[in-house]
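A short reminder: the numbers here are calculations on the coordinates, not readings from a lab. What you are looking at is a predicted structure, and each value in this text was computed from that prediction instead of being measured. Cβ atoms come from the backbone with ideal geometry, glycine included; neighbour counts cover every protein chain shown.
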């Protein structure tokens, strides 16, 4: 896996920063004097550096999201195996692919530690059955 973000993200960040900087220059040089507000050029320089720094920080924080592991849809859990972590009487919790899910079972009661298979996903609740029965 590459440690660089996609090219479109970098281009968007650079173009966005240039647009923001241009808007700042236009506002300070042409718009503010129209209202009788005169700002020295050193104020413009400080504002531009601050805006560029903010854009860089946003870029660095945003690029980390490209390297997070992909999240799968809950529907892809159908057929996966898991383990009961708190008894299902008829509702409890199961761990599937390392994630804790609220679950229910068609059987009346399943104790903790029993292996199960996901039959169906209903919102964020799983319908499971014992592995040896399915």
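Quick rundown of the values:
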read-out	value
Segment residue 57-residue 11, extension gain: residue separation times 0.36 nm, minus the distance between their alpha carbons	15.0 nm
Size descriptor, Kirkwood hydrodynamic radius, that averages inverse alpha-carbon separations across the range 19-128, Å	18.6
Per-residue [θ]222 nm for the chain (sum of -39500 (n - 2.57) over DSSP H runs n ≥ 4, rounded to 500)	-11000 deg cm²/dmol
Principal-axis tilt of helix 7-26 within the chain, Cα atoms, nearest 10 degrees	40
Angle between the chain longest axis and helix 41-63 axis [Cα atoms, degrees, rounded to 10]	20
Estimated FRET transfer efficiency when R0 is 22 angstrom, pair residue 119-residue 68 (beta carbons, to 0.05)	0.15
Residue order, fewest to most surrounding Cβ atoms within 10 angstrom, among 61, 24, 126	61, 24, 126
Which of 38, 70, 63 has the fewest Cβ neighbours within 10 Å, and the rest in rising order	70, 38, 63
